[in-house]
1. Scan the range 69-87 and report the pairs whose first residue is over 26 Å from Q43 (Cα atoms) and whose second residue is more than 11 Å from the ligand (Cβ to nearest atom) and part of a loop (DSSP other than H, G, I, E, B), with Cβ atoms within less than 6 Å and a gap of 6+ or a chain change.
2. Look through V49, V83 and report the one residue that is open to solvent by less than 10 Å² (accessible area, probe 1.4 Å), within 29 Å of I7 (Cβ to Cβ) and out of contact with any Phe, Trp or Tyr (no Cβ under 8 Å at 6 or more places or on another chain).
3. Could you list all residues from the range 139-180 that are in a loop (DSSP other than H, G, I, E, B) and in contact with a Phe, Trp or Tyr (Cβ under 7 Å, 6 or more places away or on another chain)?
4. Return yes or no: is I13 within 16 Å of the ligand (Cβ to nearest atom), among the aliphatic types (A, V, I, L, M) and part of a loop (DSSP other than H, G, I, E, B)?
5. Which number in (1) within 15 Å of the ligand (Cβ to nearest atom); (2) open to solvent by 80 Å² or more (accessible area, probe 1.4 Å); (3) among the hydrophobic types (A, V, I, L, M, F, W, C); (4) under 16 Å from W39 (Cα atoms) marks the one condition that V66 misses?
6. Tell me which residues, restricted to the range 100-127, are away from the ligand (no atom under 16 Å from the Cβ) and either among the charged types (D, E, K, R) or assigned to a loop (DSSP other than H, G, I, E, B) (or both).
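The values are calculated or read from the model by the stated rules, or taken from the named source; none is laboratory data. Predicted model only: the values in this text are computed from it and were never measured. Every residue, glycine among them, receives a Cβ derived from its backbone with ideal geometry; neighbour counts consider all protein chains shown. SASA here: full protein model, heavy atoms, side chains in, ligands and nucleic acids out. Shrake-Rupley method; radii C 1.70, N 1.55, O 1.52, S 1.80 Å.
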Amino acid sequence: MEVLEAIKTRRSIRKYKPTPVDDKTVELVLEAARWAPSWANTQCWRFIVVRDSDGKNRLADAVIAVSDRPNRAADAIRNVPVVIVACAELGRSGYYAREPREAATDKGDWYMFDVALAMQNLVLAAHSLGLGTVYVGAFDAKRAASILQVPQGFCVVAMTPLGYPEAEPEVKLRARKELSEIGFYDKFGLK
Ligand SMILES: Cc1cc2nc3c(=O)[nH]c(=O)nc-3n(C[C@H](O)[C@H](O)[C@H](O)COP(=O)(O)O)c2cc1C
């Protein structure tokens with residue numbers, strides 16, 4: 001699948017078939033994540049592949065609702081064959097490598113940015129292999145870290161179910177803002 005086609009046809013998947021996802025396939029999508037760019041190549045990301053039902057159930061229980069509707073990703077996490085949890089080592093991305101290890105910009109720790117790049121590689125690779133994903137950001141990160149025994153100095157950033165979609169997603173399901181609304185020339189707001 002061409003990159004542009006993958007970008008345009010990927011959609012969040014929240015219902016999955018019980019069909020197992022083999023280790024080789026999981027490795028392929030993690031390999032795509034591994035090749036993402038990162039601050040000074042620091043690669044602060046870590047990935048936990050969760051297959052056991054108890055782990056998935058506990059992660060699903062850590063998911064929170066951000067609107068008056070329940071977070072539909074919780075059931076996906078409970079029922080999907082695999083969940084990939086993205087963690088980050090803190091104080092690496094965006095920091096000077098030499099002492100004193102201060103933030104190099106006024107934007108602090110860039111771990112969210114680097115992990116997002118890796119995750120986007122992962123979800124696009126998954127989509128190109130016929131697998132579905134959905135970013136899950138609304139969860140209690142401390143609770144997730146405790147469930148997964150994530151050590152101090154690291155945090156849990158995001159997770160995604162990984163499995164074969166129950167149905168083909170409707171590509172146009174979620175519209176996007178027009179380019180004219182989000183793209184400017186020379187100065188912010190200039191069209
Ligand atoms: C940072 C981030 C966090 C998200 N968290 C959740 C979530 O907790 N639950 C959920 O169902 N979807 C979540 N989503 C998925 C978005 O709702 C979805 O990407 C968006 O509505 C666009 O739809 P599409 O992915 O099908 O194009 C998240 C997406 C991002 C990028």
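1. From residues that are over 26 Å from Q43 (Cα atoms), the pairs are P81/P20; P81/V21.
2. Testing whether each residue is open to solvent by less than 10 Å² (accessible area, probe 1.4 Å), within 29 Å of I7 (Cβ to Cβ) and out of contact with any Phe, Trp or Tyr (no Cβ under 8 Å at 6 or more places or on another chain) leaves just V83.
3. Selection gives Y164, E166.
4. yes
5. Answer for V66: the failing condition is (4).
6. If the condition is that a residue be away from the ligand (no atom under 16 Å from the Cβ) and either among the charged types (D, E, K, R) or assigned to a loop (DSSP other than H, G, I, E, B) (or both), then P100, R101, E102, A104, T105, D106, K107, G108, D109 are the ones that fit.
Here's the yes/no breakdown for (1) in contact with a Gly (Cβ under 8 Å, 6 or more places away or on another chain); (2) surrounded by fewer than 10 Cβ atoms within 10 Å (Cβ to Cβ); (3) of a type in the set (F, W, Y):
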site	(1), (2), (3)
R92	no, no, no
R98	no, yes, no
G108	yes, no, no
D114	no, no, no
G153	yes, no, no
K177	no, yes, no
E181	no, yes, no
K187	no, yes, no
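Condition check ((1) among the aliphatic types (A, V, I, L, M); (2) within 15 Å of the ligand (Cβ to nearest atom); (3) touching a residue at least 12 places away in the same chain (Cβ under 8 Å)) across all residues:
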residue: L129; (1), (2), (3): yes, no, yes
residue: V136; (1), (2), (3): yes, yes, yes
residue: F139; (1), (2), (3): no, yes, yes
residue: L148; (1), (2), (3): yes, no, yes
residue: V156; (1), (2), (3): yes, yes, yes
residue: L162; (1), (2), (3): yes, yes, yes
residue: P169; (1), (2), (3): no, yes, yes
residue: R174; (1), (2), (3): no, yes, yes
residue: S180; (1), (2), (3): no, no, no
